[in-house]
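The values are calculated or read from the model by the stated rules, or taken from the named source; none is laboratory data. What you see is a predicted model; the values in this text were computed from it and never measured. Note that we place each Cβ from the backbone using ideal geometry, even for glycine, and neighbour counts take in every protein chain shown. These accessible areas exclude ligands, DNA and RNA; they are computed on the full protein's heavy atoms, side chains included. Shrake-Rupley method; radii C 1.70, N 1.55, O 1.52, S 1.80 Å.
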Amino acid sequence: CTQKYIVKNYFYYYLFKFSAALGEEIFYITFLPFTYWNIDHSVSRRMIIVWSIVMYIGQVSKDILKWPRPLSPPVVKLEMRTNAEYGMPSTHAMAATAISFSFFIATTNQYKYPFELGLVAAFVFSTLVCLSRLYTGMHTLLDVIGGALISAVLLMLLYPAWDTIDHLLLTSPFCPLFSIVVPLVLCYNYPKLDYYSPTRGDTTTILGAAAGATVGFWLNNQYAAPAYTSKSFQPGFPLVTSTMVLVLARFFVGILVVLLTRWVMKSVVLGLLGYRYKFPIRDLEAQRRLEVEVPYKFVTYSTVGFTATVIVPLLHELLGLM
């Protein structure tokens, strides 16, 4: 149960509650596909690569270091789902830093917009998410600074290899096998904890989505599936009404298909696993078992990633939204 508290400043309350959501699944499942459908394939690929690597390292680091979250009291915790996780580093801070600055770096050389504007936007986005973790009582200042710094170091290490990794993911015949097997091995060999934590499930979700998307990238490149051009969106220039309508149509059609895919796959995969391991579908304890949680999350979200990168673009072409 959550603590009772009185909100004295609704502006900060809703600002930081919203900012905290920018580091969660609802943001990933909307923003990352949006960049693929409406901005640029290469930008989206680089963001997903960086995001999945950074998040895996962050989640594993938590369960190796095992630093506790802030004590409550004295802090008031406004969230409870992630309370079972350890604190250091803040993966919200890591994700926000990785996504905002990888987007900035990937677009700054491809589009004409003020460098200072992009830098400030990336800094403001990541800062808001970092501050939200302090406001909601979920992390200490050291957790947040540590997460942001780790993410920044990983970005610097990955940046020189971006083009090489991207080329291999698009052209190597081993890409589909590599993209599926390696994440699955990492998920099944996740650090063991003394008690259940959602970190393994969240990590499997992230790696599964990245695996499905990567297979989709490779398939699109190999078989010349419909590809969007960056001409539909030019940062720094006003969008005309017709282009804005097209952008919104792509997004809403795509997100509807993605959410429907997630719902269907969750039901189907969990039903099959329940039949295989003899447990009721609504049994939450059974869903937390390694042999259930990993395939359940991985298959569901790899299908979501594949749908977002292959099925949705084909649907967009069929509907005349290219």
- [ ] Please work out if A161 is in a helix (DSSP H, G or I), free of Cβ contacts under 8 Å to residues at least 12 places away in the same chain, open to solvent by less than 90 Å² (accessible area, probe 1.4 Å) and within 16 Å of V54 (Cβ to Cβ).
- [x] yes
Open item on the list: Tell me which helices (runs of 4 or more DSSP H) are completely within region 1-81 and hold 2 or more residues being within 11 Å of the chain's Cα centre (by Cα) and free of Cβ contacts under 8 Å to residues at least 12 places away in the same chain, or say none if there are none.
Closed with: 25-38
- [ ] Report the residue count in region 297-322 for those that are among the polar types (S, T, N, Q) and within 20 Å of I39 (Cβ to Cβ).
- [x] 2
Open item on the list: Checking the conditions here, which among A213, A209 is of a type in the set (G, A, S), in contact with a helix residue (DSSP H, G or I) (Cβ under 6 Å, 6 or more places away or on another chain) and closer than 12 Å to K297 by Cα?
Closed with: A209
Open item on the list: Restricting to region 131-154, give me the number of residues that are surrounded by fewer than 18 Cβ atoms within 10 Å (Cβ to Cβ) and under 24 Å from R46 (Cβ atoms).
Closed with: 3
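Conditions (1) part of a helix (DSSP H, G or I); (2) at pLDDT 85 or above; (3) over 18 Å from E85 (Cα atoms); (4) more than 21 Å from the chain's Cα centre (by Cα), marked per residue:
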position	(1), (2), (3), (4)
P173	no, yes, yes, yes
S179	yes, yes, yes, no
Y195	no, no, no, yes
R200	yes, yes, no, no
T203	yes, yes, no, no
V215	yes, yes, yes, no
- [ ] Pull up region 181-193, narrow it to residues that are open to solvent by 30 Å² or more (accessible area, probe 1.4 Å) and assigned to a helix (DSSP H, G or I), then point me to the one that is nearest to V299 (Cα to Cα).
- [x] L184
- [ ] Please specify each residue of region 82-137 satisfying the condition of being more than 21 Å from W51 (Cβ to Cβ) and either without any contact (Cβ under 8 Å) to a residue 40 or more places away in the chain or not in a loop (DSSP other than H, G, I, E, B) (or both).
- [x] N83, A84, F115, E116, L117, V120, L134, Y135
TODO: Test E85 against the stated conditions and say whether it is open to solvent by 20 Å² or more (accessible area, probe 1.4 Å) and more than 25 Å from S179 (Cα to Cα).
DONE: no
Task: Residue check for Y28: open to solvent by 50 Å² or more (accessible area, probe 1.4 Å) and of a type in the set (S, T, Y) - done: no
TODO: Could you tell me whether R69 is among the basic types (K, R) and either open to solvent by 50 Å² or more (accessible area, probe 1.4 Å) or closer than 22 Å to L259 by Cα (or both)?
DONE: no
